[in-house]
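Every number in this text was worked out from the coordinates using simple rules, so none of it is lab data. As the structure is a prediction and not an experimental result, all values here were calculated from the model. Virtual Cβ from ideal backbone geometry, glycine too; neighbours counted across all protein chains shown.
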Amino acid sequence: MNKKTDYLIQFLKIIISLSLIAYLLAKNDWRNIINKINSIDVTYFVYASVLIVIVCPFLLSLRWKILLESEKNITLSDTIKLTYAGLFFNLVFPGSVGGDTIKIALFYKMTKNSALAASSVVLDRIIGLIALTILSAISSCIYYKITSDFSFSLESGGFLVLLIIFLGLISLSFVQEKFLSLFRWLKFKKLEDFTKKSFEFICWFKSHPKILLSTILLSLIAQIVGVFATYFTGISLGVKASLGYYFLFYPIIGLITSIPVSISGIGVRESCFAYFFAKAGVPEFESISLSLISFFISVLAGILGGIIYSVSSYEGKVLKEVNRET
């Protein structure tokens, strides 16, 4: 992707984020949002912050360390530092040069294994997506039993089925060879090497089911922690919605905001909170306040990541290498 195309994509993302925020503010009195945020209960805000800033990154770091069982030079302390570095650079560079790119660059500096660096980060993301989809499907089934609203079960179940089909297909050797042949024909050498290493990782998973299950279980725990963090944030703002609704809406919102159509999910996240929590009878301005405070807590995690990154023994040339490659 050339720089002009990249700039255009980032510009469009900014337009989408600003347009959605402007639309929501036009529908709601911004003073209600400010007043709601000013009335926050600090105690529950701290509970939510601890879960997002400390507990979740630790669980994600542990998941990544388990994925890297074959790489003995990487310790849990290393994956914690890299995870926080990723959170920081997601905050600083929310576009194409984001946290994952920096994590890959830092990982490569430590191991000199570029294929493993890229494929492990991507597969770590995929496992997180699998866990989010599973939680969404389970929550929607429980929700259907309570309300008989079939639409949520259909949407979440459809997501899960499509994901299972996709993962099943790319685990087949002839499908993998088709992808590799296409990249060879297009002369995408780096993409071919990365895809080949990713497929090798997938095959390795098939022969190590315990590691696969362990990483998915850790992902589910991390997602549940995220649900409780959002629930505590809601309590701190006086949002009247039961925990069950958070279990239902959080994974669906997470799946939607993972689609890179806006800057850091801004606008899309707030729109999703407003749309879904309206089904629980929550006023839009409260849902928007909940979304904004949740995002602010993630910013705190990024700031802590910046502090950890600044005191770690990473050389400054990592950013220069990333910028040159992108």
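Pop a pseudo-label 7 angstrom from the Cα along the beta-carbon direction at both Arg31 and Lys109 and give the gap in nm to one decimal.
In this crude label model, Arg31 to Lys109 measures out at 5.0 nm.
How high is the FRET efficiency from Ser242 to Ile221, r the C-beta distance, R0 25 Å, rounded to 0.05?
Using R0 = 25 Å, I get an efficiency of 0.70.
How high is the relative contact order of the stretch 1-106? Use alpha-carbon pairs under 8 Å, at least six apart in sequence, and give a whole percent.
17
What distance in nm separates the two pseudo spin-label positions at Val46 and Arg184, each 7 Å out from Cα along the beta-carbon direction?
Here the modelled spin labels are 6.1 nm apart.
For labels at Glu200 and Glu69 in the simple 7 Å Cα→Cβ model, what's the distance in nm?
Taking the simple label geometry, Glu200 and Glu69 are separated by 1.8 nm.
Can you give me the C-alpha center-to-center distance between the stretch 223-287 and the stretch 1-46, rounded to a whole angstrom?
14
For Val311 and Ile9, calculate 0.36 nm times their separation in residues minus their Cα-Cα distance, and state this gained length in nm to one decimal.
105.4 nm
With r as the distance between the Cβ atoms of Phe295 and Ser39 and R0 = 25 Å, compute the FRET efficiency 1/(1 + (r/R0)^6) and round to 0.05.
FRET efficiency, Ser39 to Phe295: 0.85.
Please sort 125-136, 15-26, 177-188 by packing, taking for each peptide the average over its residues of neighbouring beta carbons within 10 angstrom, highest first.
125-136, 15-26, 177-188
Do any of Lys81/Lys279; Lys36/Lys103; Lys103/Lys178 go past 31 Å between their Cα atoms, and which?
Lys81/Lys279; Lys36/Lys103
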